[in-house]
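Take a look at the structure below.
The values are calculated or read from the model by the stated rules, or taken from the named source; none is laboratory data. Only a predicted model underlies this, so the values are computations on that prediction, with no experimental measurement involved. Virtual Cβ from ideal backbone geometry, glycine too; neighbours counted across all protein chains shown. Ligands, DNA and RNA are excluded from the accessible area calculation, which covers all protein heavy atoms including side chains. Shrake-Rupley method; radii C 1.70, N 1.55, O 1.52, S 1.80 Å.
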Amino acid sequence: MFSFISQDRRHSRAFIAFIVYITLFLDNMLLTVIVPILPDYLGHFYSQSNASFSIPKSVLYKNFDLHYVPKLIGATTGNVLLKNFTGSVDQQRSLDSENGSIGILLAVKALVQLVFNPIVGNVSSKLGYSIPIAFGTLSLFLASVIFALGNSYASLFVARAIHGVGSACVCVCGMSLVAQLYTEPDKRSKIMGTILGSIAVGVLIGYPFGGIAYDIVGKAAPFHILTVLCLMILVVQLLCLDFSCRQQTSSIVVDEGHSKWIPLLTDRLILVVIGAIWISTSAMSILEPCLPLWMISVLHPKKWQLGTVFIPDSVGYWIGTNFFGSVAYKFGQIKIAILSLTVVGVSCIVIPSATTVLGLLLPHFSLGLGIGVLDAALVPLLATIVDSQCGSDNESDICESSPNYGAVYAIQQIAVSLAYSLAPILGGELVPWIGFPWLMRVMGLLNLVYGPLLVYSGIRESVHCMLQKRADLPLASVEFAHTEGSYKRFYNAVD
């Protein structure tokens with residue numbers, strides 16, 4: 001039976017895309033399922049260290065950093081209640097203090113993923129995409145086991161670090177595998193946008209799933225379930241992914257031995273696209289640690305409101321990635337990206353103007369929608385750019401077979417990891433100096449400026465130079481003609 005499934009599904013690209021979707025879904029679910037559990041978990045750890053020590057306010061606050069839900073906000077540990085944060089000035093100032101160990105714990109996953117992204121990009125050029133995906137899923141499985149069985153801060157730290165390794169593998173090679181399977185730009189845009197939606201689904205399901213399972217059964221229960229799910233998808237990967245064709249994804253390497261990263265890092269088109277992804281993601285990551293403090297100080301929200309305010313951006317991101325991939329390809333991926341940056345910028349500027357919690361819902365939704373649409377437009381475009389690079393270098397035999405997408409998606413994931421690891425730190429340092437409203441206004445202006453200036457001028461110049469470079473080359477094949485036509489479409493989309 002297993003051999004029948006393997007033979008029947010091995011060459012089904014739709015089923016392979018489904019496997020990638022589920023893998024990324026589990027990755028983000030593991031990221032968020034711990035959030036409702038973390039306060040009591042850390043409270044238990046601190047109580048073991050010092051019986052008279054209640055969980056620090058900074059620890060409780062830190063658990064509101066990444067899309068928090070009512071279950072988490074309703075939880076209390078020790079003598080600390082959320083309503084106390086709206087009290088005296090000293091209590092509000094105490095929110096600005098960060099607990100070093102907790103900050104490291106929350107940052108280690110993104111930092112480890114940041115380090116391993118380029119490593120995975122290099123490994124994928126030698127081993128292909130299937131082996132790193134399976135290894136990443138195995139890492140998610142091990143992280144879930146450690147989360148379930150661990151009872152110390154060190155165990156949490158190790159589990160988060162292992163999760164970072166797994167995320168690097170499945171994010172870089174998962175998207176690369178889909179790009180390799182779907183060579184048609186229109187289908188690629190649609191499928192990759194849908195797969196990006198798994199991030200939002202994992203986020204939306206992870207928080208309530210973790211809170212409900214923890215409340216009913218206990219701390220280890222949600223991780224036991226995730227362990228089983230990761231093991232099941234790992235078995236499916238071993239049966240259905242093709243681990244034998246490792247040399248189909250060759251790297252872009254010149255004869256002199258220069259790294260395949262050089263053509264990507266010196267391509268202005270790629271740099272501008274990566275910059276757009278980075279600056280839009282930074283808008284969300286810089287908002288997450290700062291908004292709860294501002295709400296507590298200015299809007300005085302109820303406990304459940306402090307968490308649900310982050311739900312609309314996940315819904316918006318899911319809508320943007322699932323329904324706008326084909327739209328972006330039809331109307332011009334660059335044009336849609338510029339409009340998305342405008343939506344993100346306006347949303348950032350409007351957020352500090354809200355006078356009620358309800359007034360935050362629409363700008364939060366539009367912020368998530370803008371980032372989702374931008375990702376659905378630009379992430380598939382990166383694969384098309386790599387295709388064009390490989391096609392333009394065919395006469396020099398730089399691409400020995402099919403393009404290697406691992407490096408370009410490693411660069412994309414580096415930008416995302418930088419946004420989620422550095423932007424919150426930068427925001428936390430700037431808020432005491434310029435305040436949260438001006439921080440968001442500056443971030444909004446940066447997104448607005450990046451759209452019409454850098455994206456337009458950078459891509460127009462890059463495409464124009466490439467068209468001039470190819471003007472003297474004969475169109476020896478239909479594939480080459482299609483590559484030139486795709487660049488003309490990008491150029492026209494900007495015009």
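Evaluating Q412 against the criteria (1) modelled with pLDDT under 85; (2) closer than 29 Å to F331 by Cβ leaves one unmet condition, (1). Looking only at residues in region 325-380 that are open to solvent by 10 Å² or more (accessible area, probe 1.4 Å) and assigned to a loop (DSSP other than H, G, I, E, B), the one that is nearest to L269 (Cα to Cα) is A354. Taking the numbered list (1) of a type in the set (S, T, Y); (2) more than 25 Å from Y409 (Cα to Cα); (3) modelled with pLDDT of 85 or more in turn, Y207 passes all entries but (3). Number of residues in region 269-303 that are within 20 Å of M440 (Cα to Cα) and outside any helix (DSSP H, G or I): the value is 5.
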